[in-house]
Structures are given as structure tokens and as C-alpha cells.
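A.B. asks: Please find one structure pasted underneath; my questions will follow.
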Amino acid sequence: MTTDPTMTRIGQGVELHHHQGRREAARGLFAQKWDDIGGEKGDPLHVCVLAHSMADVQDDVHQELMWDLRALTAADRVTDQRVAQVGVTLPVAGLYPSLHLNLSECYGKLGDLDRAREHLQQARAGIGALGDDEYGQLIKGGLERLAEQLGEAG
């Protein structure tokens, strides 16, 4: 459980989208938080998590890709110490499988199968950083489905 108000607010947006089906409301909340944190110049953890969440509520795959790339770039600047400060038990390495999964999906939608497969492989390479919990199973399941779609099963 996080005590970081920005992470809490992002979580509320995720709740709006995933559990209440209020995609536009979530997008509005994320846009406001993006301004509040200073955009890409904000705390890298906030930028990463917010951009990753914002990508999920985009209607245009090019916009989704842009947000996912922002999230990946920010993740490279996040430390395990910073993640722990906000109460996240996952190490930074645990963020990458999901980030690469989303990028692979975007590139697949755009028909760039080489890039899609490249990000799928990067996601697979980092899967060991995930636990065998609900989140880990969600990402692993997503990777299996995507691998099948890309003809990369196994």
C-alpha cells in the first residue's frame, strides 16, 4: 500500500478505467496528474507509472505507443530505492516485462512485427523479476497470448 499521493491518484484512475469502465474519466484524471507532476520532467517513477497507465486509455494506437515509450524511457531512471519509498514491493526490473508487453502489442497493432517480436523477447527476458502472484500471472498470461498471436509460442 502506497502513501504517495500521486501514486494513489494514479491508482484511482486505473480503478476508473479497469473496474468502472470509465475510460474517458480516467484519461482526464491522468492528464491532470501529468500536468501536476510536470510532465516528462517529473519524478521518473511518477512519469513511468502515469505514462504506462495513460497508454491504456488511448483510442489511437500511435498515441498509445507514444505514452508507452515515455513510460519505458522513465523506467530507465527509476531506482529500486525510489520504488520502495512509495511502498511498491516489486523491484524496478519487475516493471519492464509489462512495459515491453505493451510496446509489443502496439507494434503488432501497427503491423511492425519485427519490433513487436523484439519487445516480446525483451519482456520474456525480464519475466524472472516477477513473482508468482496475481500481477506476475497477469503479465505472463499476456505474454503467452501475444506470443501466440505473433507466432512465437514457446
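A.B. asks: Taking the options D43, D68, D56, D80, name whichever one is touching a helix residue (DSSP H, G or I) at 6+ places or on another chain (Cβ under 8 Å), closer than 22 Å to A25 by Cβ and open to solvent by 40 Å² or more (accessible area, probe 1.4 Å). Spell out how you get there, then give the answer.
C.D. replies: On the way: D43 fails: closer than 22 Å to A25 by Cβ; D68 fails: open to solvent by 40 Å² or more (accessible area, probe 1.4 Å); D80 fails: closer than 22 Å to A25 by Cβ.
Just one listed residue meets the conditions, D56.
A.B. asks: Would you list the helices (runs of 4 or more DSSP H) that sit entirely within the stretch 70-154 and hold 1 or more residues that are closer than 29 Å to G39 by Cβ and in contact (Cβ under 8 Å) with a residue 60 or more places away in the chain?
C.D. replies: Output list reads 80-85.
A.B. asks: Residues that are modelled with pLDDT of 95 or more, assigned to a helix (DSSP H, G or I) and aromatic (F, W, Y): does the stretch 33-46 have at least one?
C.D. replies: Taking every residue of the stretch 33-46 in turn, at least one turns out to be modelled with pLDDT of 95 or more, assigned to a helix (DSSP H, G or I) and aromatic (F, W, Y).
A.B. asks: OK, next. Tally the residues that are over 11 Å from M54 (Cα atoms), open to solvent by 40 Å² or more (accessible area, probe 1.4 Å), part of a helix (DSSP H, G or I) and not β-branched (V, I, T), restricting the search to the stretch 1-31.
C.D. replies: 5
A.B. asks: Out of (1) open to solvent by 20 Å² or more (accessible area, probe 1.4 Å); (2) at pLDDT 95 or above, the odd one out for A129 is which?
C.D. replies: With (1) open to solvent by 20 Å² or more (accessible area, probe 1.4 Å); (2) at pLDDT 95 or above applied to A129, the lone miss is (2).
The values are calculated or read from the model by the stated rules, or taken from the named source; none is laboratory data. Just so it is clear, the model here is predicted, and its values are computed rather than measured. Every residue, glycine among them, receives a Cβ derived from its backbone with ideal geometry; neighbour counts consider all protein chains shown. Quick note on the areas: whole protein, heavy atoms, side chains included, nothing else; ligands and nucleic acids left out. Shrake-Rupley method; radii C 1.70, N 1.55, O 1.52, S 1.80 Å.
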